[in-house]
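Taken together, the values in this text are just the output of simple stated rules run on the coordinates, not laboratory data. Values in this document were obtained by computation on a predicted structure and should not be read as measured data. Backbone-built Cβ (ideal geometry, glycine too); neighbour counts: all protein chains shown.
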Amino acid sequence: MSKSAFHQELGHIKAIGGSAEGRLVLGESLLSVKAKVDISKMKFSANYDRVPLPLTVDQGSFSYDEKGVSVKNLAGTIGTSAIFRPVCTDADRELLFSNPLRESRP
C-alpha cells in the first residue's frame, strides 16, 4: 500500500474512540526519518465510511512501516457480526465473519 493510499484510507475513518498501547519510531537519525508504528494492544470503536455499520475492535495488534501494514489477532464486531483475523497484511483483504443471529438458529 502506498503512503498516499494509506493516508487516503485513514480519511475514511470517523468518530474513533478507545485506547491503544504501542510505540512510534521516527527513524534511526535525523537524516533518516521513517515512521514505524507498532501497536501491541488496541480496543476502539469507529465509523468507517466504507462499511455501513459501526466497527468495534476488541483486541489485536497493528504494525506500519515503509514495507506496509500488518494486523494480527484482530477480533471485534461489525454491526452484530463478529470478526476475527489471525494475520492480515497488505496482500490480504478479507476478514473472517460470523453472524450470531445465523449461528443461534436451529
Exercise. For region 75-80, in order, what is each residue's ³J(HN,Hα) by Karplus, 6.51 cos²θ - 1.76 cosθ + 1.60 with θ = phi - 60°, in whole Hz (x at glycine and Pro)?
Worked result: 9, x, 9, 10, x, 9
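First measure r as the distance between the Cβ atoms of ALA35 and ALA75, then evaluate 1/(1 + (r/R0)^6) with R0 = 25 Å and state the FRET efficiency to the nearest 0.05.
On the way: r = 26 Å, r/R0 = 1.04.
FRET efficiency, ALA35 to ALA75: 0.45.
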